[in-house]
Amino acid sequence: DEETARQGIMDAMGGIPIGRPAWPQEIAELVAFLVSDRASAIHGAEYVIDGGTIPTV
């Protein structure tokens, strides 16, 4: 079933610290911000929306 498949993917990735993948609306909110005038000074940045899967320092 869908839940078993989703859990299998999360397990294969080593888990996701927040316990779930990002929701599409969470991605959309970042995109909306980046295309807005409020982000006009942001250039060449990279954003990772992975729920903490990739450790950062």
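Is it true that Arg20 is of a type in the set (Lys, Arg) and in contact with a Gly (Cβ under 8 Å, 6 or more places away or on another chain)? Break it down into steps so the answer makes sense when it comes.
Details: of a type in the set (Lys, Arg): yes; in contact with a Gly (Cβ under 8 Å, 6 or more places away or on another chain): yes.
For Arg20, the condition - of a type in the set (Lys, Arg) and in contact with a Gly (Cβ under 8 Å, 6 or more places away or on another chain) - is met.
Rundown of residues vs (1) free of Cβ contacts under 8 Å to residues at least 12 places away in the same chain; (2) surrounded by 11 or more Cβ atoms within 10 Å (Cβ to Cβ), yes/no style:
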{"site": "Asp11", "(1), (2)": "yes, no"}
{"site": "Arg20", "(1), (2)": "no, no"}
{"site": "Pro24", "(1), (2)": "yes, no"}
{"site": "Ala32", "(1), (2)": "yes, yes"}
{"site": "Ala45", "(1), (2)": "yes, no"}
{"site": "Gly51", "(1), (2)": "no, yes"}
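Among the residues making up the stretch 5-28, a single one is β-branched (Val, Ile, Thr), over 15 Å from Ile54 (Cβ atoms) and under 14 Å from the mean Cα position of the chain (by Cα): Ile27. Determine, yes or no, whether Gln7 is surrounded by 10 or more Cβ atoms within 10 Å (Cβ to Cβ) and either among the charged types (D, E, K, R) or at pLDDT 80 or above (or both). Against the criterion (surrounded by 10 or more Cβ atoms within 10 Å (Cβ to Cβ) and either among the charged types (D, E, K, R) or at pLDDT 80 or above (or both)), Gln7 qualifies.
The values are calculated or read from the model by the stated rules, or taken from the named source; none is laboratory data. The model shown is predicted, which means the values in this text are computed figures rather than measured ones. Note that we place each Cβ from the backbone using ideal geometry, even for glycine, and neighbour counts take in every protein chain shown.
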